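Working notes, beginning with the structure itself.
The values are calculated or read from the model by the stated rules, or taken from the named source; none is laboratory data. Since the model is a prediction, treat every value here as computed from it, not as a measurement. Cβ coordinates were reconstructed from backbone atoms using ideal geometry, including for glycine residues, and neighbour counts include every protein chain displayed. Just so you know, the surface numbers come from the protein's heavy atoms only, side chains and all, with ligands and any DNA or RNA stripped out. Shrake-Rupley method; radii C 1.70, N 1.55, O 1.52, S 1.80 Å.
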Amino acid sequence: MEEVWKPLEIYNGEYAVSSHGRVMSLKNGVERILKPSVGSAGYPQVTITFGKNRKSRAVHRLVAIAFDMIQDGLEINHIDGNKCNNNLNNLELCTRAYNMKHAYKIGLSSRKGVINPLVKINMEIANEIRREVSSGKTYAAVSRKYKISQTQVSRIINNERWIIETSNAL
């Protein structure tokens with residue numbers, strides 16, 4: 001696909017974005033490709049200066065803005081799951097629900113185990129919790145120590161969370 005450049009009208013044409021996901025400054029009549037950095041969420045971003053304001057902007061959002069993809073209530077999805085691939089043909093508009101399902105489907109997100117970004121413990125700590133409760137510590141004491149709820153302690157003990165694998169082999 002041939003690289004197509006479009007001006008970012010929201011910045012008075014001082015910046016342009018390409019269909020390949022590159023951002024160019026056009027300030028003072030000098031064309032300069034901006035080097036993206038990776039933001040805390042893992043998305044490439046560039047710093048845009050407009051007047052006296054400096055803001056970091058995600059490259060995929062700038063591509064979507066320049067190529068008229070933005071619609072209220074919809075998100076931008078990276079079709080291949082690669083946050084660094086901001087090529088126009090890798091971006092699509094979708095609902096939040098679809099974006100989440102897509103992330104689970106291609107393995108980018110999970111609600112289970114240590115790859116869940118919200119997880120507080122791992123299997124080793126779950127086993128420590130089991131040992132402490134079996135040695136007589138209360139659920140309340142264990143939950144305070146590991147900063148998890150007593151319900152979560154109970155679920156670990158009852159093998160509803162952090163399940164101990166059992167083998168049927170003799």
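Here Asp68 meets each of (1) touching a residue at least 12 places away in the same chain (Cβ under 8 Å); (2) on the phi > 0 side of the Ramachandran plot with one exception, condition (1). Here the condition is being in contact with a strand residue (DSSP E or B) (Cβ under 9 Å, 6 or more places away or on another chain) and at pLDDT below 90; of Ile148, Ile70, Ile79, Ile115, it holds for Ile70 alone. Scanning region 22-39 for residues that are within 23 Å of the chain's Cα centre (by Cα), open to solvent by 80 Å² or more (accessible area, probe 1.4 Å) and hydrophobic (A, V, I, L, M, F, W, C) turns up just one, Val38.
Residue selection: Arg155 satisfies the criterion of being part of a helix (DSSP H, G or I) and either among the basic types (Lys, Arg) or open to solvent by 50 Å² or more (accessible area, probe 1.4 Å) (or both). Determine whether region 3-19 contains at least one residue that is in contact with a Ser or Thr (Cβ under 9 Å, 6 or more places away or on another chain), aromatic (Phe, Trp, Tyr) and open to solvent by 60 Å² or more (accessible area, probe 1.4 Å). Yes, because at least one residue in region 3-19 is in contact with a Ser or Thr (Cβ under 9 Å, 6 or more places away or on another chain), aromatic (Phe, Trp, Tyr) and open to solvent by 60 Å² or more (accessible area, probe 1.4 Å).
Report yes if Ser110 is closer than 30 Å to Cys84 by Cβ, under 29 Å from the mean Cα position of the chain (by Cα) and either among the hydroxyl-bearing types (Ser, Thr, Tyr) or modelled with pLDDT of 90 or more (or both), otherwise no. Yes. The set of residues in region 39-53 being out of contact with any strand residue (DSSP E or B) (no Cβ under 6 Å at 6 or more places or on another chain) and farther than 22 Å from Ile79 by Cβ consists of Ser40, Thr49, Phe50, Gly51, Lys52, Asn53.
For (1) closer than 28 Å to Gly107 by Cβ; (2) within 23 Å of the chain's Cα centre (by Cα); (3) acidic (Asp, Glu), each residue gets a yes or a no:
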| residue | (1), (2), (3) |
| --- | --- |
| Glu9 | no, no, yes |
| Asn12 | no, no, no |
| His20 | yes, yes, no |
| Ala41 | yes, yes, no |
| Pro44 | yes, yes, no |
| Gly51 | no, no, no |
| His78 | yes, yes, no |
| Cys84 | yes, yes, no |
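Of all the criteria given as (1) modelled with pLDDT under 80; (2) within 30 Å of Gly21 (Cα to Cα); (3) open to solvent by less than 80 Å² (accessible area, probe 1.4 Å); (4) of a type outside the set (Asp, Glu), the one not satisfied by Thr95 is (1). Cβ-Cβ contacts under 8 Å between residues 6 or more apart (or on different chains), taken from a first residue in region 121-139 that is within 17 Å of Ser149 (Cα to Cα) to a second residue that is of a type outside the set (A, V, I, L, M, F, W, C) and assigned to a helix (DSSP H, G or I), are listed as Ile121/Tyr146; Ile125/Tyr146; Ile129/Tyr146; Glu132/Lys145; Val133/Tyr139; Tyr139/Gln150; Tyr139/Ser154.
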